[in-house]
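Here is the structure we will look at, set down as structure tokens.
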Amino acid sequence: MRKTLKSGQTYLHNVYDRETLLNKLKNEGEHRLTLSMYRYQTIEDPQSLRDELFLFWQSLGVLGRIYLAKEGINAQFSIAESKFSEFREHLEGFFPGIPIKKAVEDDDQSFLKLIIKVRGKILADGQEDDSYDVTNVGRHLTAREFNEAMSDSSCVVVDVRNRYESEIGHFKGAVLPDVDSFREELPVIESLLEGKQSNKILLYCTGGIRCEKTSAWLRHKGFQDVNQLHGGIIDYVHQVKEQGLENKFIGKNFVFDGRLGERVSNDIIANCHVCGKPADTHTNCEWQACHVLFIRCNDCAERLEGCCSEECQRHTHLPMDEQIRLRKASPQNPPGFFKSRRRIAFMAERTGVEPSNC
């Protein structure tokens, strides 16, 4: 629902189209920081806080995707470097001392607009709210401690992310759950770790929030030595560079913004889903009725004009009224189609190439 202040001038949501947003960014003329943060903290009235944050952050030019719930905040966003101090000072009034992680690679167009949503949870886990204590988490490890723990052959390293994320990059020797979303993750990881309740468990994810819930879940299920990479892959990479540590993460770190990935090592561990050549660049098919998330090489990107197949490419060259008719009549994929197993079957059928098994 569209909401405005009494003046009618300030909206509590974005009102610009994509082209206008791109032009605003292009003409901004300032370097942007790409950042992320989360905190489990009781929020009595998330909707009121949402509106208050939106108004002030919009005035600072914050762009990104922020989720609020009674259990806390989860945010990925960008802001002009010159405005960061003012943003940080304002944030302290609501989330004092909250850690903010800087992306491995900045991109001025990582986000185009500001979205702040109120949800039931800041991270949907598929579990009942009262089934376990999300604050009873495992031990937080620095990058150095995580590397040292990995040298123990009895420890088990677990990637707490989706398959399409770990496909392009992961820690060496990690357990890689074949899941489509975090809603499936907890019972799958518990099953994969059956009989290892006494082993040292090392969890990692992008920025740390999924490890928080997973470590609490495993402790709830009787695992005795649960550890997590503090700050996730993002902080790990910064610490490795700053302290001259060995980098044990291979490939790219998948990120949920316009970049879809940050280069961590020069290893390319995935393959183009169209032709099978080594590649690790994610993109969405240009044919909007498809829009499947897939990995493509530069040759296929050029040859297929950003599409996942010749069929989709042909559709993008039809007159716009015919494209609209086809999209309404028989969309090839439902909205938000990117789930790993459905995507794998779809791409294998479409191209004859089986996506890489990381």
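Values in this text are rule-based calculations from the coordinates and carry no lab data. Computed from a predicted model, the values in this text were never measured in an experiment. Virtual Cβ from ideal backbone geometry, glycine too; neighbours counted across all protein chains shown.
Please report 24, 213, 328 as a ranked list, fewest other C-beta atoms within 10 angstrom at the top and most at the bottom. List each step's numbers first, then the result.
Working: 24 14, 213 24, 328 9.
Placing the least packed residue first, the sequence is 328, 24, 213.
From the gyration tensor of the Cα coordinates in the chain, what semi-axes in whole Å does the equivalent ellipsoid have, largest first, with each one equal to sqrt(5λ)?
So the equivalent ellipsoid measures 32, 29, 20 Å along its semi-axes.
What is the packing order of peptides 204-211, 279-286, taking the mean over residues of other C-beta atoms within 10 Å and listing the highest first?
Top to bottom by mean Cβ count within 10 Å: 204-211, 279-286.
Taking the beta-carbon count within 10 Å as an exposure proxy, list 83, 252 from fewest neighbours to most.
Sorted ascending by nearby Cβ count, the order is 83, 252.
What FRET efficiency comes out for residue 172 versus residue 81 if R0 is 30 angstrom and r is the Cβ-Cβ distance? Round to the nearest 0.05. List each step's numbers first, then the result.
Details: r = 35 Å, r/R0 = 1.15.
My answer for the efficiency is 0.30.
For residue 196, give me every one of the lysines with a C-alpha distance below 27 angstrom, ignoring sequence neighbours fewer than eight places off in its own chain.
172, 213, 221, 248
Report for the chain the percent antiparallel among DSSP-assigned beta bridges with both residues inside it, nearest 5.
Values: 29 of 46 bridges.
The antiparallel fraction comes to roughly 65 percent.
If you average the alpha carbon positions of the stretch 45-77 and of the stretch 192-220, how far apart do those two centres end up, in angstrom?
28
Per DSSP H run of n ≥ 4, the term is -39500 (n - 2.57); total these for the chain, divide by its residue number, and report the mean residue ellipticity at 222 nm rounded to 500 deg cm²/dmol. Could you put the intermediate results ahead of the total?
Working: 12 runs with 115 residues, N = 358.
Estimated from H runs of four or more residues: -9500 deg cm²/dmol.
Under 27 Å between alpha carbons, and skipping anything fewer than 8 positions from residue 26 in its own chain: which lysines qualify?
Cα-Cα hits under 27 Å: 83, 101, 102, 113, 117, 252.
Using only alpha carbons, build the gyration tensor for the stretch 204-270 and give me the equivalent ellipsoid semi-axes, biggest first, whole Å.
In descending order, the three semi-axes are 25, 15, 11 Å.
Multiply the residue separation of residue 325 and residue 283 by 0.36 nm, subtract the distance between their alpha-carbon atoms, and state the gained length in nm to one decimal.
12.7 nm
In the stretch 189-227, which residues have a backbone nitrogen under 13 Å from the label point lying 7 Å from residue 136's Cα in the Cα-to-Cβ direction?
Those under the cut-off are 215-224.
Can you give me the Rg/Rh ratio for the stretch 83-214, using Cα atoms for both radii and the Kirkwood formula for Rh?
0.99
Leaving out same-chain residues fewer than 8 places away, which aspartates and glutamates sit with a Cα under 16 Å from that of residue 70?
Within the straight-line limit of under 16 Å, residue 70 reaches these aspartates and glutamates: 44, 45, 51, 52, 125, 128, 129, 130, 133.
On the principal axes of its Cα set, how long, how wide and how thick is the stretch 139-247? Give whole Å, largest value first.
Principal extents (largest minus smallest coordinate, Cα): 36, 29, 21 Å.
Which value, in Å to one decimal place, does the Kirkwood hydrodynamic radius take for the stretch 24-73 when every pair of different Cα atoms is included?
12.5
Given the Cα-Cα distance of residue 310 and residue 92 and 0.36 nm per residue of separation, how much length would full extension add, in nm?
73.3 nm is the gain from fully extending residue 310 to residue 92.
Counting pairs of alpha carbon atoms under 8 Å apart in space and at least six apart in sequence, what relative contact order in percent does the chain give?
Details: 674 pairs, mean separation 48.2, N = 358.
Relative contact order here is 13 percent.
Of the peptides 236-245, 190-199, how do they stack up when ordered by the mean number of other Cβ atoms within 10 Å, highest first?
236-245, 190-199
Quick one: work out Rg over Rh on the C-alpha atoms of the stretch 140-191, Rh as Kirkwood radius.
Working: Rg = 11.9 Å, Rh = 12.0 Å.
My calculation puts Rg/Rh at 0.99.
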